[in-house]
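First comes the structure, then the notes that go with it.
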Amino acid sequence: MTDMAPATLEALEALEALLDRERRALLDGALDDIGPIMEEKIALIDRLTESPPDNSDAISPLHLKLRRNQELFDQTLAGIRNVAERLGVLRQIRKSMDVYDAQGRRETISAEQDSRLERRA
């Protein structure tokens, strides 16, 4: 890895450190950090596109980290979708609830809409 251009070597090292930072942010649930990290990652990848390394061995560790982080992104997104779905179900339960009688027939019980505003001093 030492026989490549200094700018390329610097970009590779910076991208590797950034991918580690991205992984930590995903594991910690620090989703606010992901936006700036993505912008930085795009800039570093653009730099590498302009002066790519001579051999693919230099990119191999980055490829593994990118794939690992992509799996974390996928899991994070699945978790967010799960929470959104669960919140939707809870919201629906607040509006109405389905129950079953002794014969197994479903009946919907609507919740009363209390739109009063409570004022406190």
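Every number here is computed from the coordinates shown, using simple stated rules; none is lab data. Everything quoted here is computed from the prediction, not taken from an experiment. Please note: Cβ atoms are built from the backbone with ideal geometry, for glycine as well, and neighbour counts cover all protein chains shown.
Okay, here's what the table says:
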| quantity | calculated |
| --- | --- |
| Rg and Dmax of the chain, Cα atoms only, in Å | 25.3, 79 |
| Helix 6-28 vs. the chain, principal-axis angle (Cα, 0 to 90°, nearest 10) | 20 degrees |
| Gained length - GLN75 relative to MET38, 0.36 nm times residue gap less alpha-carbon distance | 11.6 nm |
| Packing-based ranking, highest mean first, of 9-15, 51-57 given that Cβ atoms within 10 Å are counted | 9-15, 51-57 |
| Candidates ARG23, ARG106, ARG68, ranked by Gaussian network fluctuation over the chain, Cα under 10 Å, top entry | ARG106 |
| Angle in degrees between helix 60-95 and the longest Cα principal axis of the chain, rounded to the nearest 10 | 10 degrees |
